[in-house]
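Working notes, beginning with the structure itself.
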Amino acid sequence: MMHEEARRFIEGALNATAKGLEPVVSARLLELMPGVPDWTTALAYKDQQAGRRMERYNPRDLALMLRALTEHLGTLGYPFSDILDRQAVNCARELRDCRNRWAHMDEFTIAEAYRVLDSAETLLRAVGVEEEAAEVEERKREALSVMISEQVGQPAEEGAAAEVSATTSNGPRRAQPTVTEQDIEQARRKHSL
């Protein structure tokens with residue numbers, strides 16, 4: 001079940017990243033290539049020069065957007081080098097790898113999903129796409145809650161881990177530990193590089 005939950009978190013991160021990046025990538029490449037009808041022309045040309053060919057270059061394809069952020073595009077050089085810092089470029093590279101693994105049905109842990117969500121949020125904030133970054137940040141909190149619940153040994157509830165209490169035939173028993181802000185911070189430090 002965790003495999004499916006991790007993939008769901010990653011799918012959400014990838015979708016939000018694609019939605020947020022598309023207008024940014026499009027605007028930047030069309031600014032550098034006036035008169036070209038579609039920003040994917042730069043990638044199509046690069047692939048043609050390398051002897052590779054794709055049937056269709058969809059401007060909403062996250063894989064293409066991440067390539068545009070991370071690859072040298074002929075005379076355009078690295079078109080985002082003056083916009084993205086090294087951390088953001090590394091996040092884009094990590095998301096490229098993750099998107100490929102996700103598309104090929106690889107398994108992911110919740111910790112890996114959290115890392116992907118963190119990279120997506122960092123990249124989206126780097127390009128100034130706050131709405132999608134906030135959406136990813138919320139998913140990141142949910143993944144963190146699941147991760148903490150796994151460590152504490154209690155089920156995660158929608159939105160956040162909560163105190164679990166129960167009653168036995170002998171009367172009330174002690175409540176399970178409550179996940180605190182300190183627990184969350186420790187988990188963040190443990191699962192961040």
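Rule-based calculations on the coordinates, nothing more; no lab input. Remember, it's a predicted structure, so these values are computed and weren't measured experimentally. All Cβ positions, glycine included, derive from the backbone under ideal geometry; neighbour counts span all protein chains shown.
Determine the equivalent ellipsoid of the stretch 1-146 by diagonalising the alpha-carbon gyration tensor, then write out the semi-axes as square roots of 5 times the eigenvalues, largest first, rounded to whole Å.
On the way: eigenvalues 155, 56, 28 Å².
Taking √(5λ) for each eigenvalue gives 28, 17, 12 Å, largest first.
Write down the radius of gyration of the stretch 28-93 and its Dmax, each obtained from C-alpha positions, in Å.
11.7, 32
Per residue, how much space in cubic angstrom lies within the convex hull of the C-alpha atoms of the stretch 64-109?
Working: hull volume 3.0 nm³, N = 46.
In the stretch 64-109, the Cα hull volume divided by residue count equals 66 Å³.
What length, rounded to one decimal in nm, is gained on full extension from ARG56 through to ASP106, with 0.36 nm per residue of separation minus their alpha-carbon distance?
On the way: separation 50, 0.36 × 50 = 18.00 nm, distance 2.47 nm.
Going from the current span to full extension adds 15.5 nm.
What is the distance, in nm, between label points placed 7 Å from the Cα along the Cα-to-Cβ direction at GLU131 and at ASP38?
2.4
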